[in-house]
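The values are calculated or read from the model by the stated rules, or taken from the named source; none is laboratory data. Since this is a predicted model, take the numbers as computed values, not measurements. Glycine gets a Cβ as well: all are built from the backbone with ideal geometry, and neighbour counts include every protein chain shown. The accessibility values were calculated without ligands, DNA or RNA, using every heavy atom of the protein model including side chains. Shrake-Rupley method; radii C 1.70, N 1.55, O 1.52, S 1.80 Å.
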Amino acid sequence: MSIGVLIVDDQSLIRAGFSALLEAEADMTVLGTAGSGTEAVQLARATKPDIVLMDIRMPHGDGISATAQITAELPTRVIMLTTFELEEYILDSIRAGASGFLVKDTEPAQLIEAVRIVAAGDSLLSPSVTRTLLSQVATGIQKKLPADPRLAELTAREREVLVQIGTGKTNAEIAAALFITPLTAKTHVSRIIGKLGVRDRTSLVVLAYESGLITPGEALGNA
């Protein structure tokens, strides 16, 4: 099946460039483009895209607010587009439901692969974004929080995997750390997401810290 993509950016040149790039792929279809957050929400409701490439800062409705509305109403996954990795927007974007981040000057092949990765259900966080996210969460926690009651649903192994996710590790890195196969790690991640009722592994990073499962700052150096 073709991956339906909506492109949102206030610069027409970027919209045109991304559209041409993705339309050239046999497994992708650009369902439309929008120049503002308000327009993006309306177009997403009409086209129901699999993926939205969403600019963060735009007139007439910012990307974070638009992302929150879209992810609340649709199973659509959103990749935020940034001129550079804006630290102050990372945590807000993830809370709004974003599944990843891309800088606008990313290589064409990386953009295409990113769309496929997120469309397949994975999250897209560069190591630097993960470090920033963990730092922001840790800074916002002033005291040890009580454990999230949802954690009681996890097995001992799943809790171990969640700790690894909380440090920003990939499935391959989790597999190596816990001496399991990458496929087993992926299965554990999927089960944890289902049990905890979160959108994706990006949300698990935040939950691991905010629930007190990981001490703030404990593993930032490993992200």
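Numerical summary
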read-out	value
Cα centroid of the stretch 145-176 to Cα centroid of the stretch 1-43, whole Å	35
Residues of the stretch 1-77: accessible area per residue with a 1.4 Å probe, Å²	45
Simple label model, 7 Å out from Cα along Cβ direction - Glu107 to Glu210, nm	3.5
R0 of 30 Å, Cβ-Cβ distance Thr170-Asp148: FRET efficiency to nearest 0.05	0.80
